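Notes follow the structure.
Read-outs: derived from the displayed coordinates by stated rules, not from any lab. Small disclaimer: the values here were computed from a predicted structure and weren't measured. Here the Cβ is made from the backbone with ideal geometry for all residues, glycine too, and neighbour counts use every protein chain on show.
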Amino acid sequence: MHIIDRLTRPVLFAFDPERAHELSIAALKTGIPFCSGGVQNSKLAVSVAGLNFPNPIGMAAGYDKNAEIPDALLNLGFGFAECGTVTPKPQEGNPRPRIFRLTRDRAVINRLGFNNEGHAQALARLSLRKGKSGIVGVNIGANRDSSDRMADYEEGVRTFAAVASYLTINISSPNTTGLRGLQDRENLSELLQRVMRVRNEQAALIKRKVPVFLKIAPDLSEEALADIAQEVLEKGLDGLIVSNTTLSREGVSAPAASETGGLSGEPLFERSTIVLAKMRRLVGPALPIIGVGGVHSAETALEKMRAGADLVQLYTGMVFAGPGLPARIVSRLAAYAEANGLNSIAEIRDSNIKPWADRPLA
């Protein structure tokens, strides 16, 4: 562990989790290089959905909710960063406390509820990035009090198509009542049809088809996964993100496990990787998939790729391992590629699908 990681963890853990998160954002906004950005190695470059990623490790949505520090995150060694979730109108989210560390389990429970400053603020910040390099995605959601949540997603596409490297449709957060109902096939079919229509309308204006990904929950049945796969393929989405946080508490023993909300961190790795492999089997080899859930090391990142992921995201792993984690993972991926004679890290994708996909969801 880098010295900065050893120093920052006790400082941040002295505060409640949400205050620690705010302080970490403030620190990154200073522009101080807290740690090395890691290695640059052409064997880690991955082309996905028409985008060229310098390495396959990304910051997941949920950390930089208001698009305040995407470039600072890229400077930590991430190959891409995803901002959000952003909703059309600002909203405070659920009452505090709403983030809980499960240190013994290296996990976090959150019930934030899409707290963010709204489209206008995020758009203003991202517009200032015009001309800058680096892949920055925008994760869009719906306001809890919206009379037409599907229209909120349409508005998100209109707002961010010109400034986002890609867009993520987040219908899988467990912390907005009824949101996961949009994963049901009939609702999903209508939502994806509406979203892709707006994406194509925007493409005519901005002369670029911004890739659209769908982020799904890990708490889905085999039948639901099959329905989602078919809808995503039929509607022509550019990819999937598997998965969001879980309502399950399997493998968790810390006292805070009784708190409501979505669980992230190491206990999520197994379930999310099973769902990833099952979804890869359902959609076939062509559709891009970003694997997320429980990634905390180079080995867990590699296993996501072996189970079918083109790219990998993390967030909670950095809470416990520090800001040096992405650079360490990237360096170790490069060493792995060199040691195993790979021309590209992408060569390992799908090499271990069967053992994961054959495992039951229950």
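Which net charge results for the neighbourhood of Ala337, defined as the other residues with beta-carbon distances under 12 angstrom from its beta-carbon, given Lys and Arg at +1 and Asp and Glu at -1?
Details: positive: Lys43, Arg332; negative: Glu338, Glu347.
Spelling it out: positives minus negatives among the neighbours equals 0.
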Inset, instruction - Starting at the first residue of segment 311-321, write each ³J(HN,Hα) from the Karplus equation 6.51 cos²θ - 1.76 cosθ + 1.60 with θ = phi - 60°, in whole Hz, x for Gly and Pro. - result: 10, 9, 10, 9, 7, 4, x, 6, 4, 8, 9
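Of Lys43, Lys278, Lys207, Lys89, how do they rank once you tally other Cβ atoms within 10 Å and put the fewest first?
The most exposed by this proxy come first: Lys207, Lys89, Lys43, Lys278.
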Legend entry - Cross-link pairs Lys43/Lys304; Lys89/Lys130; Lys215/Lys235; Lys89/Lys207 - those with Cα-Cα distance over 20 Å: Lys89/Lys130; Lys89/Lys207
Inset, instruction - Enumerate by residue number the GluC sites (Glu not before Pro) in segment 161-268 meeting two conditions: DSSP loop (anything except H, G, I, E, B), and at most 12 other Cβ atoms within 10 Å of the site's Cβ. - result: Glu250
Inset, instruction - With only Lys, Arg, Asp and Glu charged, each at its Cβ (+1 for the first two, -1 for the last two), find how big the charge dipole of the chain is about the Cα centre; round to the nearest 20 debye. - result: 680
Legend entry - Candidates Arg199, Arg149, Arg208, ranked by Gaussian network fluctuation over the chain, Cα under 10 Å, top entry: Arg208
Inset, instruction - Divide by every residue of the chain the summed helix terms, -39500 (n - 2.57) for each DSSP H run of at least 4, and state the resulting mean residue ellipticity at 222 nm, rounded to the nearest 500 deg cm²/dmol. - result: -11500 deg cm²/dmol
Inset, instruction - Quick one, could you list the DSSP H helices from the chain stretching 24 Å or more along their long axis (Cα atoms) with average Kyte-Doolittle hydropathy of -1.0 or above? - result: 185-206
Inset, instruction - Take the alpha-carbon centre of segment 329-352, take the same for segment 164-230, and report the distance between them in whole Å. - result: 30
Inset, instruction - Assuming a ≥ b ≥ c are the square roots of the Cα gyration tensor eigenvalues, decide whether segment 273-362 counts as rounded (a/c under 1.5), prolate (otherwise, with a/b larger than b/c) or oblate. - result: oblate
Inset, instruction - Mind giving me the nanometre distance, one decimal, between the label points for Glu299 and Ala335, set 7 Å out from Cα along Cα→Cβ? - result: 1.3
Inset, instruction - Give me Cys83, Cys35 ranked fewest to most by other Cβ atoms within 10 Å of their Cβ, as a rough exposure proxy. - result: Cys35, Cys83
Legend entry - Net lengthening on full extension, Arg197/Ala14 (0.36 nm per residue, minus Cα-Cα): 61.1 nm
Inset, instruction - Name the residues whose placed amide hydrogens come within less than 5 Å of the amide hydrogen of Gly84, ignoring near sequence neighbours (fewer than 5 apart) on the same chain. - result: Gly62, Asp64, Lys65, Asn66, Ala67, Asn139
Inset, instruction - Give me Val157, Val11 ranked fewest to most by other Cβ atoms within 10 Å of their Cβ, as a rough exposure proxy. - result: Val11, Val157
